[in-house]
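Novice: First the structure, then my questions, so here it is.
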Amino acid sequence: MNSVAATYPESLEQHPSCETPSSSAKATALTNEERRLIGRLRTGDEGAFDELVNRHHGALVRMAMGHVADREVAEEVAQDTWMAVIEGLHRFEGRSSLRTWIFGILIHKAKDRGVREKRHTTFSAFESCEDEHDEAIDPSRFRQSGEWAGHWAFPPQPWDEQTPEKLLASREAVEAMHKAIDALPATLKDVLILRDIEGVEAKEVCAILRITETNLYVRLHRARERVRTAVEAALG
Amino acid sequence: MKDHPSQWIPSGLTCRETAGLAGEYLDDRLPLLAGIRVGLHLASCAHCRAYFSQIVLIGEAARLFPKTVPSPVNRLRLRRHFAAQHSG
Ligand SMILES: [Zn+2]
């Protein structure tokens, strides 16, 4: 059942649209930690596989939700991805990082499932075009004219929650964050999940999503601003 | 207290432009001069400093979201499939 994704290509980092030099990414595709992990996985170490699943499962489900109808289907897509990872592991050559390969499989499967669910893919293509030109921050928050045009008219008020732990202790803030992230279109959700939730380096996010670095930061800015605005509103 | 840009070396950037460069600046991906200009603007603008710190804070909080794992049934299926691949 996983025939397509089990043979999913690893060479994502070679995508020509990625502005960052791919040669260095290629040479260091696997960190020592990943090499050790792959070694353990190949010897059938179940603990290593559990670790891998625990590390990425949440982000996989969340990303899948950008492409399919509901959480249940997203869980299925993530499960299918893990099955494909298990089957493809012995063929994985390390030309991309393990994580890039896993998320590549997930995206492939989620998009495929999304299309089959008749959530037409061209919609997200339009969405991403629109992304590049829209303002990330509401223009009315800046002065429109005069000497200080382009400076804040309604600046962000400093938050009392100055540590992430304090912010997470605020139920309103957390709810607002989750709601805002879930409401993001797939193109924005993918970058936010990978960069902020998973903590993937910018270059690797470009490789996984096959986008340019410029594109990455445009999307990231829009996604972060939507979440920030939601938290700002929740904190009053 | 309100910062006044005239007390500082002007960065040549508006708040709007500065905020738009938050992602690249925080990842240290801006060309040297652009990075210096953003740094200069931040030094003189408390509002943009607040904006940047909120972006950082949200990213850090997102990284601390509780991890979700597969359901026990799905986990069992994965373990079995994994073991089956290594039993031969
Ligand atoms: Zn400013």
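The values are calculated or read from the model by the stated rules, or taken from the named source; none is laboratory data. Remember, it's a predicted structure, so these values are computed and weren't measured experimentally. Here the Cβ is made from the backbone with ideal geometry for all residues, glycine too, and neighbour counts use every protein chain on show. Note: accessible area is taken over every heavy atom of the protein model, side chains too, but ligands, DNA and RNA are not part of it. Shrake-Rupley method; radii C 1.70, N 1.55, O 1.52, S 1.80 Å.
Novice: Exactly one condition in (1) open to solvent by 60 Å² or more (accessible area, probe 1.4 Å); (2) out of contact with any Gly (no Cβ under 6 Å at 6 or more places or on another chain); (3) farther than 18 Å from A:GLU232 by Cβ is false for B:GLU60; which is it?
Specialist: (3)
Novice: On the basis of being open to solvent by 20 Å² or more (accessible area, probe 1.4 Å), within 16 Å of the ligand (Cβ to nearest atom) and without any contact (Cβ under 8 Å) to a residue 40 or more places away in the chain, does B:ARG75 make the cut?
Specialist: Numbers: open to solvent by 20 Å² or more (accessible area, probe 1.4 Å): yes; within 16 Å of the ligand (Cβ to nearest atom): no; without any contact (Cβ under 8 Å) to a residue 40 or more places away in the chain: yes.
Taking the combined requirement at face value, the residue does not satisfy it.
Novice: Quick check on region A:222-236. Is at least one of its residues touching a Leu at 6+ places or on another chain (Cβ under 9 Å) and more than 11 Å from every other protein chain (Cβ to nearest Cβ)?
Specialist: No.
Novice: Select the helices (runs of 4 or more DSSP H) contained entirely in region B:3-88, then report the ones holding at least 2 residues which are under 26 Å from the mean Cα position of the chain (by Cα), more than 27 Å from A:VAL227 (Cβ to Cβ) and more than 9 Å from chain A (Cβ to nearest Cβ). Please lay out each step first, then the result.
Specialist: On the way: elements: B:15-20, B:22-26, B:32-44, B:46-63, B:72-85.
Counting at least 2 such residues, we get B:32-44.
Novice: Open to solvent by less than 30 Å² (accessible area, probe 1.4 Å), within 10 Å of another protein chain (Cβ to nearest Cβ) and out of contact with any Ser or Thr (no Cβ under 7 Å at 6 or more places or on another chain): does that describe A:ARG141?
Specialist: Working: open to solvent by less than 30 Å² (accessible area, probe 1.4 Å): no; within 10 Å of another protein chain (Cβ to nearest Cβ): yes; out of contact with any Ser or Thr (no Cβ under 7 Å at 6 or more places or on another chain): yes.
Taking the combined requirement at face value, the residue does not satisfy it.
Novice: Further question on the same structure: Would you kindly identify the helices (runs of 4 or more DSSP H) lying entirely within region A:143-233 that contain at least 2 residues that are within 20 Å of the chain's Cα centre (by Cα) and modelled with pLDDT under 95? First the steps, then the outcome.
Specialist: Values: elements: A:164-169, A:171-183, A:186-192, A:202-209.
Per the criteria, A:171-183, A:186-192, A:202-209.
Novice: Go through region A:77-122 and report how many residues are of a type outside the set (Phe, Trp, Tyr) and crowded, with 18+ Cβ neighbours inside 10 Å.
Specialist: The first filter runs over region A:77-122 and keeps only residues of a type outside the set (Phe, Trp, Tyr), leaving A:77-81, A:83-91, A:93-100, A:102, A:104-122.
Of the ones still in play, those that are also crowded, with 18+ Cβ neighbours inside 10 Å are A:77-81, A:83-89, A:96-100, A:102, A:104-107, A:109-111, A:113-114.
Residues that pass the stated criteria total 27.
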